[in-house]
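Visitor: Please read through the structure below; I'll follow up with questions.
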Amino acid sequence: MIFALILGFALLVIGIYGMLSQRNLIKIVIGFSIADTGIHIIIVSIGYLRNRTAPILNSAVNLKNAVNEVVDPIPSVLVLTAIVIGLAVTALMLSFVVELYKKKQSLSIDDYQELKW
Amino acid sequence: MIKKIFVILTMIGLIMMLSSLVLNFEFVEQLNDLSADYVTGSIEDLKSQNVVTSVIVTYRGLDTLGEVTVLFLATAGIGFLLGKRKGKKRVASELLQTSSSFLVALIILLGVYIFSHGHLTPGGGFQGGVVIANAFLLLILSDASIKFNHTILQLVESLSGAFYVIVGIIGLVLTIGFLNAKIIPLGEFGRLISAGAIPIIYSLIGLKVGSELTNIIDTMRGE
């Protein structure tokens, strides 16, 4: 599971690098999305315990000994919440991009310098 | 040039910070007390098969209410920003038109299955809602000029949201806690009708998320 952790951190770094280095607004949003996915993978891999199954208590799990047979449910809960919020935030960011494009007919972040100091 | 150097410096700092996290990471061998409590509580206290669902809907139900509110705010923001506008009409291929009219009902059925079995199998209200919204996306792709009835969409969304809060308040009136699933009999472990109010709450969340996302897709296709 250490590989999943490394993969998550790699995606996080790639996403942040994309957000910092790209000039195109839509590419910045894509960078945010990649970093988001990396964080989800990190959180899920933190909750992993060796030789255990998912926290669904069906016939694969002995109910009397369930505590010793399932992985941590809390990271899954956090990621479920984070995915939904990430979806909403990405949609909102893309609609901001659409509005900005309508205003100046440009997707380059260099054309929006009103708040730059 | 200076910008690039700053970016590279930031990335080096970030990688150094994160690499120490990865290298010194130790996997645990046992569940911590809180997780163990959630697992045993899900079996004995709530009779819900899916531990993740019982945490989301009951133990941390207030947070899920907040999450649904965030989703609603994002939808409202997108509707406010993008408004209504007529898009260009493009005719879809016959393959897409025929297969979408066949698939839409099945996809909606799959969504309903996912959110009504949220306490038994992997899945739940959010996932089921997204699947339902995908069915409407397929409808839009196959016929760009299709119009959805916004009154019904808004009615479904606001009624499911209101009933979600009402189910929570019933728990307060019965003095067992806000959004507690034990307001109705728990039933038998592992059956469809079990785990008290969890299937009801998750179905309401599924309907709300489905109609909200359909609204987002419908607003965005005008652009």
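The values are calculated or read from the model by the stated rules, or taken from the named source; none is laboratory data. Everything numeric in this text was worked out from a predicted model, so none of it was measured. Counting neighbours? That spans all protein chains shown, and the Cβs are built from the backbone with ideal geometry, glycine included.
Residues checked against (1) on the phi < 0 side of the Ramachandran plot; (2) out of contact with any Asp or Glu (no Cβ under 8 Å at 6 or more places or on another chain); (3) among the polar types (S, T, N, Q); (4) in a helix (DSSP H, G or I):
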residue	(1), (2), (3), (4)
A:Gly86	yes, no, no, yes
A:Leu92	yes, yes, no, yes
A:Glu99	yes, yes, no, yes
A:Lys116	yes, yes, no, no
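One line per residue, one yes/no per condition, for (1) surrounded by fewer than 17 Cβ atoms within 10 Å (Cβ to Cβ); (2) farther than 25 Å from B:Gln127 by Cα; (3) at the interface with another protein chain (Cβ under 10 Å from one of its Cβ atoms); (4) not aromatic (Phe, Trp, Tyr):
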{"position": "A:Ala4", "(1), (2), (3), (4)": "yes, no, no, yes"}
{"position": "A:Gly31", "(1), (2), (3), (4)": "no, no, no, yes"}
{"position": "A:Asp36", "(1), (2), (3), (4)": "no, no, no, yes"}
{"position": "A:Thr53", "(1), (2), (3), (4)": "yes, no, no, yes"}
{"position": "A:Asp72", "(1), (2), (3), (4)": "no, no, yes, yes"}
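Visitor: Now for a different question. For the stretch A:45-64, which positions are closer than 25 Å to B:Phe189 by Cα and in a helix (DSSP H, G or I)?
Guide: A:Leu63, A:Lys64
Visitor: So A:Ser33 ticks every box in (1) closer than 30 Å to A:Asp111 by Cβ; (2) free of Cβ contacts under 8 Å to residues at least 40 places away in the same chain; (3) out of contact with any Leu (no Cβ under 9 Å at 6 or more places or on another chain) but one. Which box is left unticked?
Guide: Checking A:Ser33 against (1) closer than 30 Å to A:Asp111 by Cβ; (2) free of Cβ contacts under 8 Å to residues at least 40 places away in the same chain; (3) out of contact with any Leu (no Cβ under 9 Å at 6 or more places or on another chain), the one that fails is (2).
Visitor: Further question: For the stretch B:37-70, name all the residues that are within 24 Å of B:Ile170 (Cα to Cα) and hydrophobic (A, V, I, L, M, F, W, C).
Guide: Once the filter is applied, which keeps residues that are within 24 Å of B:Ile170 (Cα to Cα) and hydrophobic (A, V, I, L, M, F, W, C), the stretch B:37-70 yields B:Ile43, B:Leu46, B:Val51, B:Val52, B:Val55, B:Ile56, B:Val57, B:Leu62, B:Leu65, B:Val68, B:Val70.
Visitor: Among the residues in the stretch B:140-162, are any without any contact (Cβ under 8 Å) to a residue 24 or more places away in the chain and among the aromatic types (Phe, Trp, Tyr)?
Guide: no
Visitor: Continuing with this model, one more query. Against the condition within 12 Å of chain A (Cβ to nearest Cβ), touching a Gly at 6+ places or on another chain (Cβ under 9 Å), touching a residue at least 40 places away in the same chain (Cβ under 8 Å) and of a type in the set (A, V, I, L, M), how does B:Ala181 come out, does it pass? Spell out the reasoning first.
Guide: Values: within 12 Å of chain A (Cβ to nearest Cβ): no; touching a Gly at 6+ places or on another chain (Cβ under 9 Å): yes; touching a residue at least 40 places away in the same chain (Cβ under 8 Å): yes; of a type in the set (A, V, I, L, M): yes.
In short, no.
Visitor: Separate question: I'd like the residue in the stretch A:55-70 that is of a type in the set (S, T, N, Q) and under 30 Å from the mean Cα position of the chain (by Cα) and, out of all such residues, is farthest from the other protein chains (Cβ to nearest Cβ).
Guide: My answer is A:Asn68.
Visitor: For residues that are surrounded by 13 or more Cβ atoms within 10 Å (Cβ to Cβ) and assigned to a helix (DSSP H, G or I), scanning just the stretch A:101-114, find the one that is modelled with the highest pLDDT.
Guide: Of everything passing the filter in the stretch A:101-114, A:Tyr101 is modelled with the highest pLDDT.
Visitor: Can we say A:Tyr17 is out of contact with any helix residue (DSSP H, G or I) (no Cβ under 6 Å at 6 or more places or on another chain) and aromatic (Phe, Trp, Tyr)? Write out each step before concluding.
Guide: Working: out of contact with any helix residue (DSSP H, G or I) (no Cβ under 6 Å at 6 or more places or on another chain): no; aromatic (Phe, Trp, Tyr): yes.
For A:Tyr17, the condition - out of contact with any helix residue (DSSP H, G or I) (no Cβ under 6 Å at 6 or more places or on another chain) and aromatic (Phe, Trp, Tyr) - is not met.
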